[in-house]
Structures are given as structure tokens and as C-alpha cells.
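S.K.: Handing you this structure, nothing more for now.
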Amino acid sequence: YINPFIEATFEVLSEVLKTDNIKRGELFLKKGVSLTNSVSIIVGITGPANGRVIIDMDETTASEVLSKMTSTDIKSLDQIGEYERSALGELGNMIVGSAITRLYKKGYTFVLTPPTVVVGKEYEIDTPQIETLVVPMILPKGQIEVNIALKES
């Protein structure tokens with residue numbers, strides 16, 4: 001189930017940021033509670049596997065992504081209002097939706113929850129009993145971590 005998420009993330013970020021200069025970092029696993037960066041987009045998934053995808057980024061990266069998406073100059077978390085949260089939610093929908101479409105073409109049917117956007121500092125997200133694969137995406141300015149936690153139904 002993992003490769004469609006990696007492919008979709010490359011495709012969507014390349015389109016949104018208007019760059020091909022995106023690299024995948026070293027994959028790693030994490031279990032249980034994890035500290036996050038400053039901005040997280042959480043999308044739940046049900047179907048042949050259940051779990052969630054978290055697209056996690058620090059304040060600088062979120063500011064850069066939002067500035068490109070909204071054609072405004074975002075400099076800090078304080079500037080992230082309803083409109084900016086909606087844009088981040090749409091980024092999550094684009095990435096996870098594209099991955100789910102790829103999986104559908106392979107014969108898997110999944111259902112997504114609407115994205116939840118969390119903005120702040122020093123919060124934790126717990127995914128009990130599901131190991132999380134973290135895919136770091138190195139951008140020209142910053143890094144996004146795609147956290148994929150799925151367990152077969």
C-alpha cells in the first residue's frame with residue numbers, strides 16, 4: 001500500500017510547489033506516540049487496511065507551502081487562519097486522494113475521512129498498535145514527513 005502514497009506525494013508537491021527538486025529521504029519506522037512538527041494534516045483511511053496518514057511539517061516549511069498555494073506571504077503560525085487551514089486540508093486531500101485513486105486502479109477500495117489540520121507546538125499524536133512508516137520528503141526549502149500507519153483489516 002505504501003508506494004502509491006510516495007508517488008502521489010511527489011506528484012502533488014511538484015505541482016503545488018512548481019518544482020521537480022524534491023527528494024525522498026531515508027524511510028524509518030516509529031511506534032506509538034510521536035512528537036510532531038508545527039503543522040499536521042491528518043487523514044483517516046478505512047478499507048482493506050485501516051489507519052491514517054499524517055503529513056507533518058515545521059513552521060518554515062508550512063509557511064513556504066502555504067505561500068505558494070495561496071499566493072500570499074505567510075511567515076509564521078500566527079498567520080494561519082481558516083483560509084490557510086482549508087488550503088492545508090486540500091493539500092492532504094490531494095495527496096491521499098491521489099494515492100487512494102492509484103490503489104483503486106489496483107483493485108483496492110478505501111474510504112477517507114475529511115482532513116484534520118492541527119497547528120501548534122509540542123503536541124503529540126498517538127496511533128496505538130500500528131507501526132508508522134515515515135517518508136521524509138526533502139523540498140528546496142524544508143522537509144515534509146509523510147507518516148503512513150495502516151493495518152490490514
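The values are calculated or read from the model by the stated rules, or taken from the named source; none is laboratory data. Owing to the predicted nature of the structure, the values given are computational and were not obtained by experimental measurement. In this analysis, Cβ positions are derived from the backbone assuming ideal geometry, glycine residues included, and neighbour counts consider all displayed protein chains. The accessibility values were calculated without ligands, DNA or RNA, using every heavy atom of the protein model including side chains. Shrake-Rupley method; radii C 1.70, N 1.55, O 1.52, S 1.80 Å.
S.K.: So for the range 1-121, averaging the separation of alpha carbon pairs under 8 Å that are six or more residues apart and normalising by length, what relative contact order in percent results?
M.R.: Relative CO of the range 1-121 lands at 36 percent.
S.K.: Over the Cα atoms of the range 89-148, compute the convex hull volume and normalise it per residue, giving Å³.
M.R.: Looking at the range 89-148, the number lands at 134 Å³ per residue.
S.K.: With label points built 7 Å along Cα→Cβ from the Cα atoms of Tyr108 and Glu26, find their separation and express it in nm.
M.R.: Each label point is offset 7 Å from its Cα along the Cβ direction, giving 2.6 nm.
S.K.: Given Cβ point charges of +1 (Lys, Arg) and -1 (Asp, Glu) and nothing else, what value in debye, to the nearest 20, does the dipole of the range 17-121 about its Cα centre take?
M.R.: 600
S.K.: Out of (i) 19.6; (ii) 16.4; (iii) 15.5, which label holds the value of Kirkwood radius over Cα pairs in Å that was computed here?
M.R.: Matching the structure shown: (iii).
S.K.: Using a 1.4 Å probe over the heavy atoms of the protein chains, calculate the carbon and sulfur portion of the accessible area of the range 20-153 as a whole percent. Present the calculation step by step, with values, prior to reporting the outcome.
M.R.: Working: 3460 of 6980 Å².
The value for the range 20-153 is 50 percent carbon and sulfur by accessible area.
S.K.: Then there's this: I need the P(r) histogram for the range 1-82: all alpha carbon pairs, bin width 5 Å from 0 out to the longest distance, whole percents.
M.R.: 3, 11, 18, 25, 20, 14, 8, 1, 0
S.K.: List nothing, just return the count: lysine pairs in the range 19-153, 8 or more apart or interchain, with Cα separation under 19 Å.
M.R.: Details: Lys23/Lys68; Lys23/Lys141; Lys30/Lys151; Lys31/Lys151; Lys68/Lys141; Lys75/Lys121; Lys75/Lys141; Lys106/Lys151.
Pairs that pass both the separation and distance tests number 8.
S.K.: When the label point is put 7 Å from the Cα of Met69 along its Cα-to-beta-carbon vector, which residues of the range 107-125 have a backbone N closer than 13 Å?
M.R.: In the range 107-125, the label zone of Met69 (backbone N under 13 Å from the point 7 Å along Cα→Cβ) covers 115-119.
S.K.: Based on alpha-carbon centroids, what's the gap between the range 93-151 and the range 40-82 in Å, whole number please?
M.R.: Using only Cα atoms, the two centres lie 11 Å from each other.
S.K.: Quick one: accessible area per residue over the range 1-61, 1.4 Å probe, rounded to a whole number of Å²? Intermediate results must be reported in sequence, preceding the final value.
M.R.: Details: 2870 Å² over 61 residues.
That works out to 47 Å² for each residue.
S.K.: For Leu77 and Lys141, compute 0.36 nm times the residue count separating them, minus their Cα-Cα distance, and round to one decimal in nm. List each step's numbers first, then the result.
M.R.: Numbers: separation 64, 0.36 × 64 = 23.04 nm, distance 1.66 nm.
Stretched fully, the Leu77-Lys141 segment lengthens by 21.4 nm.
S.K.: Given springs between every Cα pair under 10 Å in a Gaussian network model of the chain, which of Leu77, Leu29, Leu103 has the largest fluctuation?
M.R.: Its mean-square fluctuation being the largest, the pick is Leu29.
S.K.: What 222 nm value per residue comes from the helices of the chain, counting each DSSP H run with n ≥ 4 as -39,500 (n - 2.57) and dividing by all residues, nearest 500 deg cm²/dmol?
M.R.: Helix-only estimate at 222 nm: -11500 deg cm²/dmol.
S.K.: I've got another one for you. Compute the FRET efficiency between Thr19 and Glu90 as 1/(1 + (r/R0)^6), taking r as their Cβ-Cβ distance and R0 = 22 Å, and round to the nearest 0.05. Let's see the in-between values first.
M.R.: On the way: r = 19 Å, r/R0 = 0.85.
Efficiency, from the Cβ-Cβ distance: 0.70.
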